[in-house]
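Bear in mind that the values in this text are calculations on the coordinates, not laboratory data. Just so it is clear, the structure is predicted and the values come from calculations on it, not from any experiment. So basically every Cβ, Gly included, is an ideal-geometry build from the backbone, and we count neighbours across all protein chains shown.
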Amino acid sequence: MIGLNSVGVLVPSLVGFAFILPLLGKLIKNVKFFHIYAALASLWAAILATYNAYLVFTAGTQVYPFGGWPPPLGIAYELDKLNALLGMVTALVMLAITIYSAWYLKDYEGVAYYYTLLLGLEVGLIGCLYTGDAFNLFVMLEVLSISAYALVGFYRSKPEAVEAAIKYGMFGAVATTLYFVGLVFIYATFGTLNMADLAFKLTFYVYYPVPNPFSGTFFGNPYVASAVALALALWAFTYKSAAFPNHFWLPDAHPEAPTPVSAALSGLVVNVGVYAIVRFLYTIFGPSAFVVQLRDAVLIALLVLGIASGLIGALMMVVQEDIKRLLAYSTISHIGLVLVGVAIGTSSTLNQNSLAYVLGLAGGIYHMVNHTLGKALLFLVSGILIALAGGSRKLDDIGGVGRRYPLVSLALFLGVFQLLGVPPFGGFFSKLLIYSAYMEAGMPYVSLMVILISAISLLGYVKLIYASVFKVGSPKVEQTTKVSLPTAIVLALGIACLVTGLATTYITSMMFDVVGSFATPQGVYDYWQSFFNTLLNLASGVMR
Amino acid sequence: MRFLKVRNMDINGFLFVFMLSTIMLNLVISLYGVFARPSLIKKIIALTILSDSGNVLAIAVGFRDWPSGWSPSTPPVLNVTSPKASDVVSFARVAVDPLPQALVLTAVVIGLAVMLFLVFLTLQIYRLYGTTDVRKVAKLKG
Amino acid sequence: MIEPKLISYLFMAVAGALSLIATYLAVIEKDLVKAVIYSAIQSTAYTILFYLLMAPDIALVYIPVAVGLYPAVVFFLIKKTERFEESG
Amino acid sequence: MFLDPLTATLILSGVLAFTALITWFIYSVVKSNPTNVSEEFKEPYLAGEPTSTLSRIDAPSNTLFWGFIYGLSRKLYHYLRERMHSGILNEWGEYMSVYLGLLSLIGLLFTALILLRGG
């Protein structure tokens with residue numbers, strides 16, 4: 001039997017931490033206890049996630065079958081380098097956000113409820129990333145979504161917050177339900193929902209068609225099932241990641257949430273959507289799967305959507321008057337860039353130019369990490385600025401608060417440079433990777449669009465910096481507000497941004513490693529090979 | 001055109017396919033309801049129909065055709081307390097697939113949670129805006 | 001001699017058709033109370049389908065939730081808010 | 001490098017026409033024409049300027065660049081902000097369902113392709 005290990009214990013222990021909180025909230029009235037409790041729970045998650053990433057990068061892909069059931073029957077967590085890395089980044093940023101929440105909600109009474117939802121959000125995030133089972137992904141997506149809807153509507157007497165929450169929730173429920181319908185089609189044809197098993201079956205289905213014994217009559221056509229499942233799953237995931245026509249909820253939902261939650265939503269939750277897209281299009285419906293033409297068409301659609309959301313996000317960002325709304329549109333723009341990066345893997349690129357393939361994917365994943373750090377930093381800084389300006393989110397009212405707090409302004413500059421792609425920062429190198437990937441692949445117009453998107457968004461960032469630092473206004477700075485704790489956090493994130501740029505040779509080679517673990521035929525082979533090894537170990541354990 | 005033909009397409013097969021297509025149409029109609037009807041309450045009703053249709057589809061996928069005209073397939077419940085190997089074998093030959101049923105149980109519970117949450121939010125929207133018409137609930141724009 | 005299999009499948013088809021009609025009416029109906037009633041009819045048809053598709057356990061869960069709880073909650077919501085959907 | 005006269009003429013006249021077009025466009029933007037600006041239309045808020053200066057109905061013609069940008073952005077942002085990001089759930093639903101339809105269409109074309117090939 002497989003005992004407890006760090007891969008399996010993380011999500012269940014976080015669930016325990018989260019759902020004991022309402023009970024504790026009845027018993028304990030001291031608000032400080034909850035701040036420390038949530039910070040410790042986050043710290044626990046961050047340590048475990050970092051350890052898991054270390055384990056994966058040194059010892060290879062980890063599989064954990066829950067309860068010792070062999071994977072196609074039970075649920076299995078499967079960590080390759082992609083989700084281990086993203087899980088680590090997620091847990092570390094969540095740690096920063098949780099500590100920041102202690103400052104943000106220092107005068108608020110109902111913190112037990114807030115932290116339950118925030119830890120529930122973390123459960124959803126890490127569960128979505130770690131899981132190796134497509135149905136468990138649906139469940140975790142729902143956990144994530146319900147926490148996110150509730151956090152967006154956290155100020156439930158504010159009309160805008162409730163409006164944003166119901167707009168987000170209504171179509172979000174449609175998206176997850178459509179994903180479920182897609183899963184039904186997959187299960188009907190292939191008889192499994194385990195991702196590694198699916199990757200295996202989609203590679204070899206043409207040679208050894210093994211239809212589901214229960215429903216081989218109507219649903220048996222693998223082409224129809226793949227087409228329906230891919231269309232519906234992609235729609236749901238682009239909703240979660242806010243790509244162009246499905247992006248409408250984001251600029252409403254992210255600004256209306258409490259500021260730490262905005263940072264989590266904008267930096268981390270959209271990543272889950274991109275991660276799921278990557279997992280579906282590269283590992284499950286991978287380059288060696290039998291539905292190559294469908295995959296190519298979908299990737300081209302994704303490229304167009306990525307460019308469109310990059311442009312629209314950048315354009316809309318320029319005209320915002322609300323600092324958090326500006327940052328939310330910037331998220332749409334950056335997710336567009338990430339999608340442009342990960343949409344490179346058409347079969348022709350893979351066959352003719354594998355360098356471009358690896359460059360584009362590495363650039364996409366790298367940009368995802370860079371954007372997470374930069375955007376979480378900027379949202380947290382915006383929270384400080386808003387508090388200093390007396391609670392108004394208007395750029396006009398913030399006018400020049402930053403010049404009295406040079407450390408906060410420094411952090412703001414670091415974050416903006418990261419997102420803008422100024423040379424020593426990570427954002428520059430990831431944009432460069434995406435740019436050179438498309439130059440390499442013989443699609444220079446896409447590279448030009450990447451530059452154009454950056455150029456348009458420059459206006460928005462200049463406006464942000466101008467309004468919050470350089471502008472001479474007469475803002476009502478609240479002298480009573482102490483900002484030493486959040487300043488320390490945003491500076492730490494700023495240093496992280498700088499490190500992603502300065503250590504770029506190391507990180508880029510790590511990203512190539514990551515791409516090798518999930519997107520190449522060898523990587524997909526390893527993915528299901530380690531799954532079957534676990535299966536064999538379990539079977540031999542049962543025999544003994 | 002091999003895939004267009006359904007195996008054993010007798011009258012029973014036709015009826016089953018008819019039932020499936022009504023469920024698919026339900027999916028489409030309820031999608032229209034969520035996307036295009038103005039009232040939030042109507043959207044919630046359409047949303048429950050949408051998720052229920054998905055559930056029925058999942059159960060129909062796990063369904064096994066009756067082995068013969070007189071003996072039905074059975075629910076995935078083994079009704080022998082200490083089963084012998086022969087019991088299990090004969091059970092596995094006639095029982096429907098249990099896994100979609102487990103999935104649907106989970107999905108029903110999750111759908112209930114989401115629906116109650118949306119109902120609460122709609123109530124709050126009515127308190128704050130005085131309407132449930134989404135065309136009037138548009139403070140956030142641009 | 002009509003086989004019981006045919007009867008079972010016929011019931012499935014009839015339940016499907018009933019749910020289709022009920023769904024259509026529930027979606028286009030302007031009076032929300034009537035829409036909820038149509039949606040309850042559709043839920044009943046689905047319960048029959050669950051039973052005929054050899055999932056009695058799901059049917060047992062589904063009856064209290066979809067035929068009992070959902071309409072009750074939505075009726076409560078309609079009572080607290082408004083009854084008619086405006087044309088659109 | 002020498003061009004043959006025909007190509008040179010074509011290129012030259014093309015460049016002239018393009019310049020004329022740009023000049024006309026800039027002129028039509030810069031020329032203040034307050035009558036065709038509707039009352040409720042919101043001015044795009046581009047670069048950190050205080051909102052109070054935005055209530056002027058003429059485009060700021062003191063700089064050619066900003067005049068150009070404002071003129072260009074007026075139509076674009078009218079579409080982006082008033083039509084697309086209107087904040088009404090059902091109008092978002094139209095865009096989203098078009099996208100869902102597009103994805104379904106890709107799937108449908110793919111299946112049709114496979115079936116026609118006799119897969």
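Coupling constants for the stretch A:107-120 follow from the phi torsions by the Karplus curve (6.51 cos²θ - 1.76 cosθ + 1.60, θ = phi - 60°), and in residue order they are 9, 9, 7, x, 6, 4, 4, 4, 6, 4, 5, 5, 5, x Hz; glycine and proline get x. Working value for chain C: equivalent-ellipsoid semi-axes of 30, 16, 6 Å, each the square root of 5 times a Cα gyration tensor eigenvalue, largest first. Defining a contact as two alpha carbons under 8 Å apart and six or more residues distant in sequence, what relative contact order in percent does chain C show? Result for chain C is 32 percent.
In the distance distribution for the stretch A:348-419, Cα-Cα pairs more than 18 Å apart total 53 percent.
Computed FRET efficiency, Cβ-Cβ of A:Met443 and C:Lys79, R0 56 Å: what is it to the nearest 0.05?
0.45
By other beta-carbon atoms within 10 Å, ranking A:Arg279, A:Arg295 with the fewest at the front produces A:Arg295, A:Arg279. Considering only alpha-carbon pairs that sit under 8 angstrom and 6 or more positions apart, the relative contact order computed for chain B is 24 percent. Compute the signed sum of charges (Lys and Arg +1, Asp and Glu -1) over the other residues within less than 13 Å, Cβ to Cβ, of A:Ala164. Here the count lands on +2. The mean sequence separation of alpha-carbon pairs under 8 Å and at least six residues apart, normalised by the residue count of chain A, gives a relative contact order of 15 percent.
Our note on the geometry: Cα centres of the stretch A:1-44 and the stretch C:1-44, 46 Å apart. Normalise the Debye intensity by I(0) for chain B, one equal point scatterer per Cα, no solvent, then take log10 at q = 0.14 Å⁻¹ and round to two decimals. Ignoring solvent entirely, the Cα scatterers give -0.84. Considering only A:Ala199, B:Pro100, B:Gly13, and ranking their Cα positions along the charge dipole of the protein assembly as shown that arises from unit charges at the beta-carbon of Lys, Arg, Asp and Glu, the one farthest toward the positive end is B:Pro100.
Add +1 for every Lys or Arg and -1 for every Asp or Glu among the other residues with Cβ under 13 Å from the Cβ of A:Pro287, and state the total.
The answer is 0.
Since only A:Val381, A:Ser333, A:Ser484 are under comparison, the one whose Cα sits farthest along the positive direction of the charge dipole of the stretch A:312-502, derived from C-beta charges on Lys, Arg, Asp and Glu, is A:Ser484.
With K and R counted +1 and D and E -1, the other residues having a Cβ less than 14 Å from that of A:His367 yield a net charge of +2. For the stretch A:269-277, putting each phi into the Karplus relation 6.51 cos²θ - 1.76 cosθ + 1.60 with θ = phi - 60° gives couplings of 5, 5, 4, 4, x, 5, 4, 5, 4 Hz, in residue order, rounded to whole numbers and with x for Gly and Pro. Distant-in-sequence amide contacts of B:Thr74, defined by a placed amide H-H separation under 5 Å and a gap of 5 or more residues or a different chain, comprise B:Ala95, B:Val96. For C:Lys5, the aspartates and glutamates whose Cα comes closer than 13 Å to its Cα, not counting residues fewer than 8 places off in the same chain, are B:Asp10, B:Asp65.
As a rough footprinting exposure proxy, the listed residues A:Thr58, D:Thr19, A:Thr331, B:Thr74 were ranked by other beta carbons within 10 Å of their own, and the order from fewest upward is A:Thr58, D:Thr19, B:Thr74, A:Thr331. Working note: Cα atoms of the stretch B:40-103, range along each principal axis, descending, whole Å: 54, 28, 13. For the pair the stretch A:170-192 / the stretch A:266-280, the C-alpha centres are spaced 17 Å from each other. Each distinct pair of alpha carbons in the protein assembly as shown adds a 1/r term; the inverse of their mean, the Kirkwood radius, is 28.9 Å.
Sorted ascending by nearby beta carbons within 10 Å, beginning with the fewest, A:Glu122, A:Glu78, C:Glu29 become C:Glu29, A:Glu78, A:Glu122.
If you take the alpha carbon radius of gyration of the stretch A:312-502 and divide it by 2.2 N^0.38 Å, what ratio comes out, to two decimals?
1.10
Computed over the stretch A:67-204, the percent of Cα pairs more than 27 Å apart is 33. Given H placed on each backbone N at 1.01 Å, which residues far from A:Tyr77 in sequence or on other chains put an amide H within less than 5 Å of it? For A:Tyr77, whose amide H was placed from the backbone, the distant partners under 5 Å are A:Tyr64, A:Phe66, A:Gly132. In sequence order, the stretch A:184-193 has phi-based couplings of 4, 5, 4, 5, 4, 8, 9, x, 8, 10 Hz under the Karplus curve 6.51 cos²θ - 1.76 cosθ + 1.60, θ = phi - 60°, and Gly or Pro positions carry x.
Pairs from the list A:Lys324/B:Lys141; A:Lys158/A:Lys471; A:Lys201/A:Lys240; B:Lys136/D:Lys75; A:Lys471/B:Lys141; C:Lys34/C:Lys79 with a Cα-Cα gap above 20 Å: A:Lys158/A:Lys471; A:Lys201/A:Lys240; B:Lys136/D:Lys75; A:Lys471/B:Lys141.
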